[in-house]
1. Based on the Cβ-Cβ distance from Arg129 to Ala83, what FRET efficiency comes out when R0 is 41 Å, to the nearest 0.05?
2. Is there a quick way to get the dipole size of the stretch 124-227? I mean about its Cα centre, with the Cβ of Lys and Arg at +1 and of Asp and Glu at -1; what is the value in debye to the nearest 20?
3. Could you sort the peptides 163-172, 125-134 by per-residue average Cβ neighbour count (10 Å cutoff), highest mean leading?
4. Could you size up the charge dipole of the stretch 173-325 around its Cα centre, putting +1 on the beta carbon of Lys and Arg and -1 on that of Asp and Glu, and report it in debye to the nearest 20?
5. Would you please give the FRET efficiency between Ser276 and Asp145, computed as 1/(1 + (r/R0)^6) with r the Cβ-Cβ distance and R0 = 45 Å, to the nearest 0.05?
6. Separation between the Thr91 and Gln203 pseudo-spin-labels, each 7 Å from Cα along Cα→Cβ, expressed in nm?
7. Rounded to the nearest 0.05, what FRET efficiency do Gln75 and Ala293 have when you use their Cβ-Cβ distance and R0 = 51 Å?
8. Label-point separation (nm) for Phe46 and Ala167, each offset 7 Å from Cα along Cα-to-Cβ?
Amino acid sequence: MSKVRMQDAGCRMQEGVSLVATPVRRRVNPGFAESRILNPESSSGFTLIEMIMVIVITGIIGSMVAMFLKAPIQQYLDVSRRAELTDIVDTALFRLASDISTAVPNSIRVAVCGGIPCVEFLPTRDVGRYRAVQDLSNPASAVGDILDFAAGDGSFDIIGQPVLFAASDAIVVGSTQSDGAPAYDTTATSGVLRAYTGAAGLQSTVNMTATKFPAFAALSTQSFDVVDGAQQAVTFACEGALGVDARGNGQARLMKHWGYGFNATQVAPLALAGSSAVLANNVSGCVMDYGVANQRLGLLGVRLTLTSGGESVSLYQEIHVNNTP
């Protein structure tokens, strides 16, 4: 019996031992981690081939984007260039019209000065009325200095408010000829321009060169014009070769000349002294029309074309000229 118990006990002990979980130890290769680091196939990054492929693909995408953006960008540049040219032309024509609005009646003259379209005029600084008859309100004595058209009269009274004069001003009386020539002429037979010889400041009497006026200068309006002595005659001219150069830019420019005196015949702008200023560059076309038909209507037609980078803007303006003396 004891032997049997011992066997049973042994069996139970074996069974108890077999029921206990024994931890299993895994063998670790000590060079595994080092092999992962040193092995180039398992490391992260780009190869040279991958980089070349990325560069090629990026270039293709960039080229496609540039093709789609080229037209809108070019359109924007063209619109900006046209807007800039339009602004320049509009400003130049506005300046031209503003100055011509002050012109002495019938002093506008247009010519092709040495192949260059140019317009000349006399700017008015002030106007007044001269005394044509003496004041007979007092029968005892006739009072007043009249402007005598029968002789070389060097002075006359101003009717109404005094006029402000400068020492270098000029006087125009009775400018009625549409060709504009008498307004620049100082002779007794055909000219209506006289130099002011009085003092500067507000004056009630005009003193001038005592040269007889022609008979046609005596008008019922009894008006006279004071020409600004600082500007004297003024010329606007398109100077340079009209057309475009190899880069698609206009080759001429619109110029203003003033302060060069008075010339009986119109002079080419390049030969004028005095002062000058540039109103517009890149001029490729210039037309100034003051023919017989326009003279009758009192209109000066000006067409100005500017070209830059192959883009052209052309504006036409009819400038009203007051030719009523």
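1. The calculated FRET efficiency here is 0.30.
2. 20
3. 163-172, 125-134
4. 140
5. The value I calculate is 0.65.
6. With each label placed 7 Å out from Cα toward Cβ, I get 3.8 nm.
7. Once the sixth-power term is evaluated, E becomes 0.80.
8. 8.2
Throughout, read-outs are computed from the coordinates displayed, never taken from laboratory work. If you're wondering where the values come from, they're calculated on a predicted model, not measured in any experiment. We place every Cβ from the backbone using ideal geometry, glycine too, and count neighbours over all the protein chains shown.
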